[in-house]
Amino acid sequence: MSRGQTPSQTIGPFFAYGLTPEQYGYPLRSIAGADLRDPATEGAEITITGRVFDGEGAAVPDAMIEIWQADPQGRYRLPGSQGNRGFSGFGRCGTGSGPESGFRFTTYKPGRVDDQQAPHISVIVFMRGLLNHLYTRLYFADETEANLRDPLLSSLDPGRRATLIAELSAPGEYRFDIHMQGDRETVFFDV
Amino acid sequence: MSFRQRDWASHPPLIHPDYKSTVLRGPTKPLVPLPQSLSEVTGPVYGAESLGPDDADLTRNGRQGGASPGEPLGERIIVTGRVLDEDEKPQANMLVEVWQANAAGRYVHKADQHEAPLDPNFFGGGRCVTDGEGRYRFITIMPGAYPWGNHDNAWRPAHIHFSLFGPGLATRLITQMYFPGDPLLDLDPIFNATPLSARNRLVAGFDITTTEAGFALGYQFDIVLRGRCETPREGAS
């Protein structure tokens, strides 16, 4: 009574019309986009902007970034909750629709999901040339105290911890670049 | 509750030099183990309310009413299967998203420069939600093979891209389904990056009982997501 996991394969270069159609101007409704705001949700609005860099420092123009987060009160969307209305906690953005090869999410700052972890957003990275999606996490530079006490951040090599901290570039505006390789290689997790 | 780890004996490596794009894009440092918390065992929730009326019928959802209305060209096929976990538990009410090339091997994507015709009646993207037994079903067109720049005379075998969330963020999967007997499989560095013992899980089976007389050939393709570490106790919700 056991079956082996279906192997992962790359998302390839041509995902956009299927997974991020509205962002790229294709005639299909997107299930999720880069703006997670919801009229019934109150909280601090933030933007998260970044780029994905390959091993030669070139910005990757055909990556897809997904984010998953709790709402401003620290609650995750659960199956069946509110008839799937309200804040979804999920966003998708390709890096190929603008001139900068970047991604930009508009959302709310998540609340703390438990007593230990600092506020964070789960991030998944897909791209041509990546045979398995990669998990990472985004923490907030202005949560210094909470970040110091976060068990996962604390467990990391101090030299690599900064790769997970989104910098505050203006009030409510965070910068989060992802480096696939090199000295600043982002910490990716085996979840 | 948590999900079993990714089985790295089933998944391809992050850097596979025969697939050249992996060399600068796959991370070089080991992945850091992350104990699953609520952030990993919860995940995006999308059900039937996410679907449009013809989302699972790719022979209909791209038809245009303009200059050349009608059916897309190519061989109609039915692609169906079950979404299961490693314990063969059906995964009901799960979103399945697909995208593919048309019969000529051309994607609608603006970046696809392959000199093969677009089909005004075929879009190539679709989605559905699994039923109570974990089953999904698409009607589509047999995708064509197409050339790519990885190496001299490189051709991708015919395939359909699949994207699934499963019950939690940890069960997320994007994969490709291939067709049985395709001579390009043995030459494809993406397919062959997968460990040999797991490779055949990516190949659909032709199925005469799925095939509909006078209409379309049928293929079966089951998708197995990571299972749960603990079995919930009797009566637990």
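The values are calculated or read from the model by the stated rules, or taken from the named source; none is laboratory data. All values reported here derive from a predicted model rather than from experimental measurement. Please note: Cβ atoms are built from the backbone with ideal geometry, for glycine as well, and neighbour counts cover all protein chains shown.
Some points to look at:
- For region A:141-156, filtering for residues that are in contact with a strand residue (DSSP E or B) (Cβ under 9 Å, 6 or more places away or on another chain) and without any contact (Cβ under 8 Å) to a residue 24 or more places away in the chain leaves 1.
- Selection within region B:23-62 - facing chain A (nearest Cβ under 7 Å), within 24 Å of the chain's Cα centre (by Cα) and without any contact (Cβ under 8 Å) to a residue 12 or more places away in the chain: B:R25, B:V45, B:E49, B:G52
- Candidate set: region B:184-210, residues that are buried (at least 16 other Cβ atoms within 10 Å of the Cβ) and hydroxyl-bearing (S, T, Y); chosen: the one nearest to B:L225 (Cα to Cα): B:T194
- Enumeration of residues in region A:1-45 that are in contact with a Gly (Cβ under 7 Å, 6 or more places away or on another chain), facing chain B (nearest Cβ under 7 Å), in contact (Cβ under 8 Å) with a residue 24 or more places away in the chain and outside any loop (DSSP other than H, G, I, E, B): A:A16
- Of everything listed in (1) basic (K, R); (2) assigned to a strand (DSSP E or B); (3) more than 20 Å from the chain's Cα centre (by Cα), the single unmet condition for B:R82 is (3).
- Restricting region B:37-59 to residues that are surrounded by fewer than 20 Cβ atoms within 10 Å (Cβ to Cβ) and modelled with pLDDT of 95 or more, the residue that is nearest to B:D119 (Cα to Cα) is B:D57.
- Looking only at region A:132-144, and only at residues there that are among the polar types (S, T, N, Q) and more than 10 Å from the chain's Cα centre (by Cα), the one that is surrounded by the most Cβ atoms within 10 Å (Cβ to Cβ): A:N132
- Region A:109-118, residues that are away from chain B (no Cβ under 11 Å) and either free of Cβ contacts under 8 Å to residues at least 12 places away in the same chain or under 13 Å from the mean Cα position of the chain (by Cα) (or both): A:K109, A:D115
- Residues (more than 29 Å from B:T22 (Cβ to Cβ), in contact with a strand residue (DSSP E or B) (Cβ under 9 Å, 6 or more places away or on another chain) and of a type in the set (S, T, N, Q)) located in region B:120-156: B:T130
- Of the listed requirements (1) touching an Asp or Glu at 6+ places or on another chain (Cβ under 8 Å); (2) β-branched (V, I, T); (3) closer than 25 Å to A:A63 by Cα, B:I78 misses just one: (3).
- Members of region A:108-146 found to be under 25 Å from A:S88 (Cα atoms) and assigned to a helix (DSSP H, G or I), listed by number: A:A146
- With respect to the conditions (1) of a type in the set (A, V, I, L, M, F, W, C); (2) at the interface with another protein chain (Cβ under 8 Å from one of its Cβ atoms); (3) over 17 Å from A:G18 (Cα atoms); (4) touching a His at 6+ places or on another chain (Cβ under 8 Å), B:F179 falls short on a single one, namely (2).
- Boolean, A:G129 is closer than 22 Å to A:D62 by Cβ, more than 9 Å from chain B (Cβ to nearest Cβ), buried (at least 16 other Cβ atoms within 10 Å of the Cβ) and not charged (D, E, K, R): no
- Considering residues of region A:37-59 that are among the aliphatic types (A, V, I, L, M) and touching a Phe, Trp or Tyr at 6+ places or on another chain (Cβ under 7 Å) only, the residue farthest from A:G172 (Cα to Cα): A:A59
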